[in-house]
1. So if I check each of 12, 86, which one is of a type outside the set (Val, Ile, Thr) and within 14 Å of the chain's Cα centre (by Cα)?
2. If I ask for residues that are modelled with pLDDT of 95 or more, part of a loop (DSSP other than H, G, I, E, B) and out of contact with any Ser or Thr (no Cβ under 7 Å at 6 or more places or on another chain), which ones from the stretch 1-38 would you list?
3. Say we look at the stretch 30-75 and pick out the residues that are touching a helix residue (DSSP H, G or I) at 6+ places or on another chain (Cβ under 8 Å) and among the aromatic types (Phe, Trp, Tyr); which of these is surrounded by the fewest Cβ atoms within 10 Å (Cβ to Cβ)?
4. Out of all the residues in the stretch 14-45, which are touching a strand residue (DSSP E or B) at 6+ places or on another chain (Cβ under 9 Å), under 13 Å from residue 57 (Cα atoms) and without any contact (Cβ under 8 Å) to a residue 40 or more places away in the chain?
5. Output the residues belonging to the stretch 76-122 that are polar (S, T, N, Q) and either in a loop (DSSP other than H, G, I, E, B) or surrounded by fewer than 19 Cβ atoms within 10 Å (Cβ to Cβ) (or both).
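The values are calculated or read from the model by the stated rules, or taken from the named source; none is laboratory data. The shown structure was predicted, so the numbers you read here are calculated from the model rather than taken from an experiment. Methodologically, a virtual Cβ is constructed for each residue, glycine included, from the backbone with ideal geometry; neighbour enumeration extends over all protein chains shown.
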Amino acid sequence: MDKRAINSEKAFAAVGPYSHAVLVNENMLFTSGAIGADPISGELKETLEGQVIQTFANLGAVLDEAGMNFDNIVKTTVFLRDMNDFAVANRIYAEYFLGDKPARSTVAVVDLPMGALYELEAVAVK
């Protein structure tokens with residue numbers, strides 16, 4: 001098995017000892033959870049909508065670094081601090097997957113890094 005770390009300077013920096021993603025055998029990408037923090041300021045966007053959009057921008061930068069895009073995603077896991085935010089987050093999520101939709105799990109959690117409201121991880125395949 002061949003694996004290498006993928007990190008993007010255009011995505012919010014990792015807040016711990018991990019990579020943005022790991023590329024396995026040059027065709028399978030496993031991402032860490034992305035949150036809605038701006039990569040330049042390091043601050044979370046203030047609203048749920050802003051965090052979800054920034055999360056997708058951060059994830060998109062990681063995908064791009066690996067030579068992939070949202071069409072390559074086959075599975076996602078969404079973490080919400082409040083399941084009452086599901087409809088708003090889902091509406092924005094749907095804007096990024098126009099063709100075949102990836103498989104997805106959505107879970108509510110007690111807390112997320114930096115107090116984020118939304119986190120997203122993905123598996124992508126070339």
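1. None of the others qualify; the one that does is 12.
2. Here is the first cut: in the stretch 1-38, the ones modelled with pLDDT of 95 or more are 2-12, 18-38.
Adding the requirement that they be part of a loop (DSSP other than H, G, I, E, B) leaves 2, 7-12, 18-20, 25-27, 32-33, 36, 38.
Listed by number, the residues that qualify are 2, 8, 9, 10, 11, 12, 25, 26, 27, 33, 38.
3. 70
4. Once the filter is applied, which keeps residues that are touching a strand residue (DSSP E or B) at 6+ places or on another chain (Cβ under 9 Å), under 13 Å from residue 57 (Cα atoms) and without any contact (Cβ under 8 Å) to a residue 40 or more places away in the chain, the stretch 14-45 yields 38, 45.
5. Narrowing the stretch 76-122 to residues polar (S, T, N, Q): 76-77, 84, 90, 105-106.
Once the filter is applied, which keeps residues that are polar (S, T, N, Q) and either in a loop (DSSP other than H, G, I, E, B) or surrounded by fewer than 19 Cβ atoms within 10 Å (Cβ to Cβ) (or both), the stretch 76-122 yields 77, 84, 90, 105, 106.
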